[in-house]
Amino acid sequence: MTWYVLLIGAVIAERLAELMETKRNRSWSLAHGGLEFGARHYPAMIALHTGLLAGCLVEPIALHRPFVPALGWSMFAIVLAAQALRWWSIATLNRQWNTRVIVVPGAARITGGPYRLVSHPNYVAVIAEGIALPLVHTAWITALVFSTLNAWLLMARIKVENAALASLT
C-alpha cells in the first residue's frame, strides 16, 4: 500500500504543477486578449478531480481493497501512458494550454502533436487515468463514480470549448 500512496502523492504533485502552468498560461492569455468561457463549471471540475485523488486513497484503505497484480500492473501502465499523453498535449499547446477554457483571439488553432489524431487528447488522458488510477489498487467504486461524473462534466466542457473556438473563427 505504501507504494500506492506514493503514486497518488506523485499524481497530486503533477496536478499542482499543472495548476502552476495554468496560472502562468492564464496570465499570458489574458495579457494577449484571451477570453475565458465556461468559468462556472471550473469549481466542479476541481472538486471532481480532488475527489478522485481522495477516493483513490480512502477506498483501498477503508474497504481493505487488495492489490491484484494482473489488474494493478496493467492499470499502472495505463496511468503512465495517460501521463505521457497529458504532457504531450500540454507541450503541444504550449502557452495556449490551460485547465480553464481561455481562447486568445487570432491565435492559431493547434493541429499538431496529439491534436492531429484526436480533438481532445488531454480528455482521453483524463478518462484513462480516471479509470486506471483507482483500479491500480482495486478502488472500483471510485473509478465508477469518477468516470460517471466525469463523463457528464466533459460533455459540458467540450461543448463550451468547441463553442469558444467557433466564436473566434
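The values are calculated or read from the model by the stated rules, or taken from the named source; none is laboratory data. Because the structure is predicted, anything quoted here is derived from the model rather than measured. Cβ sites come from the backbone with ideal geometry, for glycine too, and all protein chains shown count toward neighbours. For accessibility, only protein heavy atoms count, side chains too; no ligands or nucleic acids. Shrake-Rupley method; radii C 1.70, N 1.55, O 1.52, S 1.80 Å.
Couplings 3J(HN,Hα) of the stretch 83-89, computed from phi: 5, 4, 5, 4, 6, 5, 4 Hz, in residue order, whole Hz [Karplus 6.51 cos²θ - 1.76 cosθ + 1.60, θ = phi - 60°; x for Gly and Pro]. When every Cα-Cα distance of the chain is counted in 10 angstrom steps from zero, the calculated P(r) takes the values 10, 37, 34, 15, 4, 0 percent. Mean residue ellipticity, 222 nm, helices only, the chain: the sum of -39500 (n - 2.57) across DSSP H runs of n ≥ 4, divided by residue count and rounded to 500, is -25000 deg cm²/dmol.
When each of the peptides 101-113, 132-144 is scored by how many other beta carbons lie within 10 Å of its residues on average, the order from highest to lowest is 132-144, 101-113. In terms of packing, defined here as the mean over residues of other Cβ atoms within 10 angstrom, the peptides 55-65, 35-45 line up highest first as 55-65, 35-45.
Rolling a 1.4 angstrom probe over the chain with all protein chains present gives an accessible area of which 72% lies on carbon and sulfur atoms. Solvent-accessible surface of the chain, averaged per residue with a 1.4 angstrom probe and all protein chains in place: 53 square angstrom.
What does the extension gain come out to for L165 and L19, with contour length at 0.36 nm per residue minus their alpha carbon separation?
Numbers: separation 146, 0.36 × 146 = 52.56 nm, distance 2.22 nm.
So the chain would gain 50.3 nm between L165 and L19.
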